[in-house]
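Read the structure below first, then the notes.
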(Lines give C-alpha, C1' and ligand atoms only; values in the text may rest on other atoms or scores of the structure.)
Protein backbone atom coordinates (compact mmCIF):
# COMPACT_ATOMS: atom_id res chain seq x y z
CA UNK A 1 0.00 0.00 0.00
CA UNK A 2 3.05 2.24 0.09
CA UNK A 3 2.28 3.91 -3.22
CA UNK A 4 -1.13 5.04 -1.94
CA UNK A 5 -0.69 7.73 0.65
CA UNK A 6 -3.52 9.27 2.63
CA UNK A 7 -3.03 12.95 1.85
CA UNK A 8 -5.58 13.94 4.46
CA UNK A 9 -9.09 12.80 5.28
CA UNK A 10 -11.90 14.57 3.43
CA UNK A 11 -15.59 13.87 2.99
CA UNK A 12 -16.63 12.67 -0.46
CA UNK A 13 -19.67 14.98 -0.45
CA UNK A 14 -17.24 17.92 -0.55
CA UNK A 15 -15.66 16.38 -3.64
CA UNK A 16 -19.09 16.50 -5.23
CA UNK A 17 -19.57 20.12 -4.17
CA UNK A 18 -16.24 21.23 -5.64
CA UNK A 19 -16.81 19.31 -8.84
CA UNK A 20 -20.27 20.80 -9.28
CA UNK A 21 -18.97 24.32 -8.69
CA UNK A 22 -16.26 23.88 -11.32
CA UNK A 23 -18.84 22.54 -13.76
CA UNK A 24 -20.90 25.66 -13.15
CA UNK A 25 -17.97 27.76 -14.35
CA UNK A 26 -17.29 25.55 -17.37
CA UNK A 27 -20.73 24.68 -18.70
CA UNK A 28 -23.69 27.08 -18.62
CA UNK A 29 -26.09 24.21 -19.27
CA UNK A 30 -25.32 22.65 -15.89
CA UNK A 31 -28.10 23.39 -13.40
CA UNK A 32 -28.49 22.21 -9.81
CA UNK A 33 -31.55 21.30 -7.78
CA UNK A 34 -31.64 20.59 -4.05
CA UNK A 35 -34.27 19.32 -1.63
CA UNK A 36 -33.57 21.59 1.34
CA UNK A 37 -30.10 20.16 2.05
CA UNK A 38 -27.80 22.62 0.31
CA UNK A 39 -25.26 22.70 3.12
CA UNK A 40 -25.23 18.95 3.63
CA UNK A 41 -24.67 18.36 -0.10
CA UNK A 42 -21.99 21.09 -0.24
CA UNK A 43 -23.88 22.90 -3.01
CA UNK A 44 -23.51 26.36 -1.42
CA UNK A 45 -20.77 27.58 -3.75
CA UNK A 46 -22.81 26.70 -6.83
CA UNK A 47 -25.89 28.40 -5.39
CA UNK A 48 -23.94 31.52 -4.48
CA UNK A 49 -22.19 31.94 -7.82
CA UNK A 50 -24.95 30.73 -10.14
CA UNK A 51 -28.26 31.54 -8.42
CA UNK A 52 -30.08 31.72 -11.76
CA UNK A 53 -29.15 28.04 -12.33
CA UNK A 54 -30.01 26.79 -8.86
CA UNK A 55 -33.46 25.56 -7.82
CA UNK A 56 -34.30 25.02 -4.16
CA UNK A 57 -37.35 22.76 -4.30
CA UNK A 58 -37.66 22.26 -0.54
CA UNK A 59 -38.67 18.94 0.98
CA UNK A 60 -40.31 17.80 -2.24
CA UNK A 61 -37.98 15.19 -3.69
CA UNK A 62 -40.52 13.72 -6.12
CA UNK A 63 -41.11 17.17 -7.59
CA UNK A 64 -37.36 17.65 -7.87
CA UNK A 65 -37.02 14.57 -10.08
CA UNK A 66 -39.89 15.69 -12.28
CA UNK A 67 -38.46 19.20 -12.65
CA UNK A 68 -35.03 17.76 -13.47
CA UNK A 69 -36.49 15.51 -16.16
CA UNK A 70 -38.28 18.49 -17.68
CA UNK A 71 -35.15 20.64 -17.71
CA UNK A 72 -33.36 18.12 -19.92
CA UNK A 73 -35.87 18.75 -22.69
CA UNK A 74 -34.50 22.28 -22.98
CA UNK A 75 -30.93 21.03 -23.19
CA UNK A 76 -30.01 21.57 -19.56
CA UNK A 77 -27.90 19.11 -17.55
CA UNK A 78 -29.58 18.90 -14.14
CA UNK A 79 -27.80 17.65 -11.02
CA UNK A 80 -30.20 16.77 -8.21
CA UNK A 81 -28.98 16.71 -4.61
CA UNK A 82 -30.32 15.11 -1.46
CA UNK A 83 -29.55 12.19 0.85
CA UNK A 84 -29.26 8.76 -0.81
CA UNK A 85 -32.34 7.50 1.01
CA UNK A 86 -34.42 10.35 -0.40
CA UNK A 87 -32.71 10.17 -3.81
CA UNK A 88 -33.86 6.59 -4.42
CA UNK A 89 -36.39 4.94 -2.13
CA UNK A 90 -38.61 7.99 -1.68
CA UNK A 91 -38.72 8.86 -5.39
CA UNK A 92 -38.31 5.53 -7.16
CA UNK A 93 -41.50 5.88 -9.18
CA UNK A 94 -40.52 9.31 -10.49
CA UNK A 95 -37.03 8.12 -11.41
CA UNK A 96 -38.34 5.03 -13.17
CA UNK A 97 -41.13 6.72 -15.07
CA UNK A 98 -39.79 10.20 -15.78
CA UNK A 99 -36.03 9.66 -16.02
CA UNK A 100 -34.91 6.08 -16.70
CA UNK A 101 -37.76 5.04 -19.02
CA UNK A 102 -37.03 7.83 -21.47
CA UNK A 103 -33.28 8.01 -20.83
CA UNK A 104 -33.36 11.59 -19.58
CA UNK A 105 -29.98 13.25 -19.01
CA UNK A 106 -30.42 13.68 -15.23
CA UNK A 107 -27.58 13.26 -12.74
CA UNK A 108 -28.99 11.95 -9.45
CA UNK A 109 -26.40 12.86 -6.83
CA UNK A 110 -26.83 11.15 -3.48
CA UNK A 111 -24.99 11.88 -0.25
CA UNK A 112 -25.07 10.26 3.20
CA UNK A 113 -25.18 6.72 1.80
CA UNK A 114 -24.43 3.53 3.70
CA UNK A 115 -23.53 2.73 7.29
CA UNK A 116 -20.98 5.52 7.51
CA UNK A 117 -23.78 8.05 7.70
CA UNK A 118 -23.42 7.07 11.35
CA UNK A 119 -25.49 8.55 14.14
CA UNK A 120 -28.56 9.37 12.01
CA UNK A 121 -29.44 5.69 12.23
CA UNK A 122 -31.24 3.02 10.23
CA UNK A 123 -33.93 5.21 8.68
CA UNK A 124 -31.30 7.26 6.85
CA UNK A 125 -28.59 4.62 6.29
CA UNK A 126 -29.90 3.27 3.02
CA UNK A 127 -28.14 0.03 2.14
CA UNK A 128 -30.32 -0.90 -0.83
CA UNK A 129 -29.82 2.04 -3.18
CA UNK A 130 -27.24 0.49 -5.50
CA UNK A 131 -29.56 -2.45 -6.12
CA UNK A 132 -32.55 -0.19 -6.70
CA UNK A 133 -30.71 1.96 -9.22
CA UNK A 134 -28.74 -0.65 -11.12
CA UNK A 135 -31.94 -2.56 -11.92
CA UNK A 136 -33.28 0.40 -13.88
CA UNK A 137 -32.57 0.18 -17.62
CA UNK A 138 -30.32 2.97 -18.95
CA UNK A 139 -29.13 3.94 -15.45
CA UNK A 140 -25.37 4.28 -14.81
CA UNK A 141 -24.36 3.67 -11.17
CA UNK A 142 -21.16 5.22 -9.77
CA UNK A 143 -19.74 4.92 -6.24
CA UNK A 144 -16.35 6.69 -5.93
CA UNK A 145 -13.90 6.04 -3.11
CA UNK A 146 -12.52 9.40 -1.94
CA UNK A 147 -12.70 13.19 -2.32
CA UNK A 148 -10.54 13.39 -5.44
CA UNK A 149 -12.35 10.60 -7.23
CA UNK A 150 -15.77 11.98 -6.33
CA UNK A 151 -14.80 15.37 -7.74
CA UNK A 152 -13.50 13.75 -10.92
CA UNK A 153 -16.63 11.60 -11.25
CA UNK A 154 -18.92 14.61 -10.80
CA UNK A 155 -17.23 16.37 -13.69
CA UNK A 156 -17.13 13.24 -15.87
CA UNK A 157 -20.84 12.48 -15.63
CA UNK A 158 -21.71 15.93 -17.01
CA UNK A 159 -20.17 14.84 -20.31
CA UNK A 160 -22.12 11.55 -20.36
CA UNK A 161 -25.46 11.63 -22.15
CA UNK A 162 -28.02 9.75 -20.07
CA UNK A 163 -29.19 9.16 -16.48
CA UNK A 164 -26.58 8.62 -13.78
CA UNK A 165 -26.75 7.75 -10.09
CA UNK A 166 -23.74 9.14 -8.22
CA UNK A 167 -23.37 7.87 -4.64
CA UNK A 168 -21.12 9.43 -1.99
CA UNK A 169 -20.94 9.91 1.76
CA UNK A 170 -20.87 12.07 4.84
CA UNK A 171 -17.73 11.20 6.87
CA UNK A 172 -14.16 12.24 6.28
CA UNK A 173 -12.26 9.33 4.75
CA UNK A 174 -8.68 8.91 3.49
CA UNK A 175 -8.02 10.86 0.28
CA UNK A 176 -5.50 8.89 -1.75
CA UNK A 177 -6.31 8.88 -5.47
CA UNK A 178 -4.59 11.36 -7.83
CA UNK A 179 -5.80 14.95 -7.96
CA UNK A 180 -5.48 14.98 -11.77
CA UNK A 181 -6.99 11.55 -12.43
CA UNK A 182 -8.85 10.76 -15.62
CA UNK A 183 -12.18 9.32 -14.50
CA UNK A 184 -13.50 6.83 -17.05
CA UNK A 185 -17.06 5.65 -16.55
CA UNK A 186 -17.17 1.84 -16.60
CA UNK A 187 -13.40 1.34 -16.23
CA UNK A 188 -12.06 -0.33 -13.09
CA UNK A 189 -8.84 0.90 -11.49
CA UNK A 190 -6.19 -1.68 -10.61
CA UNK A 191 -4.63 -0.48 -7.36
CA UNK A 192 -2.47 -3.45 -6.39
CA UNK A 193 -1.33 -6.42 -8.47
CA UNK A 194 -1.42 -9.85 -6.85
CA UNK A 195 -1.73 -13.56 -7.55
CA UNK A 196 -3.40 -15.15 -4.53
CA UNK A 197 -6.79 -13.45 -4.22
CA UNK A 198 -8.73 -10.68 -5.97
CA UNK A 199 -10.29 -8.04 -3.71
CA UNK A 200 -12.90 -5.98 -5.55
CA UNK A 201 -14.04 -2.96 -3.53
CA UNK A 202 -16.17 0.12 -4.03
CA UNK A 203 -16.74 3.42 -2.23
CA UNK A 204 -15.41 3.88 1.28
CA UNK A 205 -14.28 0.25 1.46
CA UNK A 206 -11.59 0.72 -1.19
CA UNK A 207 -9.20 2.15 1.40
CA UNK A 208 -10.15 -0.69 3.75
CA UNK A 209 -9.24 -3.13 0.95
CA UNK A 210 -5.82 -1.50 0.61
CA UNK A 211 -5.31 -1.79 4.36
CA UNK A 212 -6.29 -5.46 4.16
CA UNK A 213 -3.88 -6.03 1.27
CA UNK A 214 -1.00 -4.62 3.31
CA UNK A 215 -1.81 -6.84 6.30
CA UNK A 216 -2.31 -9.90 4.11
CA UNK A 217 1.14 -9.30 2.62
CA UNK A 218 2.58 -9.60 6.13
CA UNK A 219 1.03 -13.09 6.20
CA UNK A 220 2.58 -13.99 2.85
CA UNK A 221 -0.66 -13.52 0.88
CA UNK A 222 -0.39 -11.48 -2.32
CA UNK A 223 -3.73 -9.75 -2.93
CA UNK A 224 -4.83 -7.96 -6.07
CA UNK A 225 -6.99 -4.90 -5.29
CA UNK A 226 -9.43 -3.42 -7.80
CA UNK A 227 -11.42 -0.24 -7.31
CA UNK A 228 -14.81 -0.65 -8.99
CA UNK A 229 -16.07 2.93 -8.94
CA UNK A 230 -18.64 2.16 -11.65
CA UNK A 231 -20.96 -0.66 -10.65
CA UNK A 232 -23.02 -0.32 -13.80
CA UNK A 233 -21.75 -0.74 -16.45
CA UNK A 234 -19.45 -3.25 -14.75
CA UNK A 235 -15.90 -3.65 -16.06
CA UNK A 236 -16.26 -7.35 -16.81
CA UNK A 237 -12.98 -7.54 -18.68
CA UNK A 238 -10.91 -6.29 -15.73
CA UNK A 239 -12.66 -8.61 -13.27
CA UNK A 240 -12.31 -11.73 -15.42
CA UNK A 241 -8.66 -10.98 -16.18
CA UNK A 242 -7.88 -10.78 -12.47
CA UNK A 243 -9.93 -13.77 -11.36
CA UNK A 244 -8.46 -16.00 -14.06
CA UNK A 245 -5.13 -15.37 -12.37
CA UNK A 246 -6.11 -15.58 -8.68
CA UNK A 247 -9.01 -18.10 -8.93
CA UNK A 248 -10.84 -16.59 -5.94
CA UNK A 249 -12.46 -13.25 -5.15
CA UNK A 250 -13.70 -11.03 -2.32
CA UNK A 251 -16.18 -8.23 -2.92
CA UNK A 252 -16.35 -5.38 -0.40
CA UNK A 253 -19.05 -2.73 -0.22
CA UNK A 254 -21.07 -0.59 2.18
CA UNK A 255 -24.36 -2.08 0.98
CA UNK A 256 -26.57 -5.13 1.34
CA UNK A 257 -25.22 -8.37 -0.11
CA UNK A 258 -28.44 -8.50 -2.12
CA UNK A 259 -28.37 -6.21 -5.12
CA UNK A 260 -24.93 -4.71 -4.64
CA UNK A 261 -21.51 -4.99 -6.22
CA UNK A 262 -21.08 -8.56 -4.94
CA UNK A 263 -24.27 -9.58 -6.71
CA UNK A 264 -23.07 -8.08 -9.99
CA UNK A 265 -19.71 -9.83 -9.73
CA UNK A 266 -21.37 -13.14 -8.85
CA UNK A 267 -23.68 -12.91 -11.87
CA UNK A 268 -20.69 -12.28 -14.13
CA UNK A 269 -18.63 -15.13 -12.70
CA UNK A 270 -21.52 -17.60 -12.71
CA UNK A 271 -21.84 -17.04 -16.46
CA UNK A 272 -18.21 -16.75 -17.44
CA UNK A 273 -15.91 -18.19 -14.76
CA UNK A 274 -17.41 -19.95 -11.71
CA UNK A 275 -15.15 -18.96 -8.82
CA UNK A 276 -14.99 -19.13 -5.02
CA UNK A 277 -16.39 -15.79 -3.83
CA UNK A 278 -16.70 -14.25 -0.38
CA UNK A 279 -18.82 -11.19 0.42
CA UNK A 280 -18.01 -8.25 2.69
CA UNK A 281 -21.08 -6.11 3.21
CA UNK A 282 -24.30 -6.02 5.19
CA UNK A 283 -26.09 -9.36 5.47
CA UNK A 284 -29.85 -8.71 5.18
CA UNK A 285 -30.03 -6.16 7.97
CA UNK A 286 -30.89 -2.57 8.65
CA UNK A 287 -28.28 -0.40 10.34
CA UNK A 288 -28.46 1.52 13.62
CA UNK A 289 -27.08 4.62 15.27
CA UNK A 290 -23.35 4.72 16.00
CA UNK A 291 -20.08 6.14 14.77
CA UNK A 292 -19.05 5.12 11.25
CA UNK A 293 -16.18 2.96 12.47
CA UNK A 294 -18.30 1.27 15.14
CA UNK A 295 -20.93 0.41 12.55
CA UNK A 296 -18.45 -0.86 9.95
CA UNK A 297 -17.00 -3.17 12.60
CA UNK A 298 -20.34 -4.40 13.94
CA UNK A 299 -21.78 -5.11 10.50
CA UNK A 300 -18.73 -6.90 9.15
CA UNK A 301 -17.46 -4.23 6.77
CA UNK A 302 -14.05 -3.41 8.25
CA UNK A 303 -10.45 -4.21 7.32
CA UNK A 304 -10.40 -7.33 9.50
CA UNK A 305 -13.49 -8.65 7.72
CA UNK A 306 -11.85 -8.25 4.31
CA UNK A 307 -8.78 -10.13 5.58
CA UNK A 308 -10.91 -12.97 6.92
CA UNK A 309 -12.92 -13.14 3.68
CA UNK A 310 -9.71 -13.29 1.63
CA UNK A 311 -8.38 -16.17 3.72
CA UNK A 312 -11.70 -18.00 3.39
CA UNK A 313 -11.77 -17.48 -0.38
CA UNK A 314 -8.24 -18.82 -0.74
CA UNK A 315 -9.16 -21.89 1.33
CA UNK A 316 -12.06 -22.60 -1.07
CA UNK A 317 -9.97 -22.68 -4.24
Every residue in the stretch 120-159 that is more than 25 Å from residue 23 (Cβ to Cβ) and touching a helix residue (DSSP H, G or I) at 6+ places or on another chain (Cβ under 9 Å), please.
123, 124, 125, 126, 127, 131, 132, 137
Selection from the stretch 37-87 of residues farther than 25 Å from residue 114 by Cβ, free of Cβ contacts under 8 Å to residues at least 40 places away in the same chain, touching a helix residue (DSSP H, G or I) at 6+ places or on another chain (Cβ under 7 Å) and not in a helix (DSSP H, G or I) yields 50, 54, 55
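Listed here are the residues, each with its yes/no results for (1) assigned to a loop (DSSP other than H, G, I, E, B); (2) assigned by TED's automatic domain parsing to the domain that holds residue 230.
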{"position": "180", "(1), (2)": "yes, no"}
{"position": "184", "(1), (2)": "yes, no"}
{"position": "195", "(1), (2)": "yes, yes"}
{"position": "200", "(1), (2)": "no, yes"}
{"position": "203", "(1), (2)": "yes, yes"}
{"position": "207", "(1), (2)": "no, yes"}
{"position": "210", "(1), (2)": "no, yes"}
{"position": "215", "(1), (2)": "no, yes"}
Yes/no for residue 113 being in contact with a strand residue (DSSP E or B) (Cβ under 6 Å, 6 or more places away or on another chain) and either assigned by TED's automatic domain parsing to the domain that holds residue 290 or modelled with pLDDT of 95 or more (or both):
yes
Filter the stretch 128-169 for residues that are in a loop (DSSP other than H, G, I, E, B) and buried (at least 24 other Cβ atoms within 10 Å of the Cβ); which is nearest to the chain's Cα centre (by Cα)?
143
Look at residue 221 and say whether it is assigned by TED's automatic domain parsing to the domain that holds residue 276, touching a strand residue (DSSP E or B) at 6+ places or on another chain (Cβ under 7 Å), surrounded by 24 or more Cβ atoms within 10 Å (Cβ to Cβ) and modelled with pLDDT of 95 or more.
no
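The values are calculated or read from the model by the stated rules, or taken from the named source; none is laboratory data. Since the model is a prediction, treat every value here as computed from it, not as a measurement. So basically every Cβ, Gly included, is an ideal-geometry build from the backbone, and we count neighbours across all protein chains shown.
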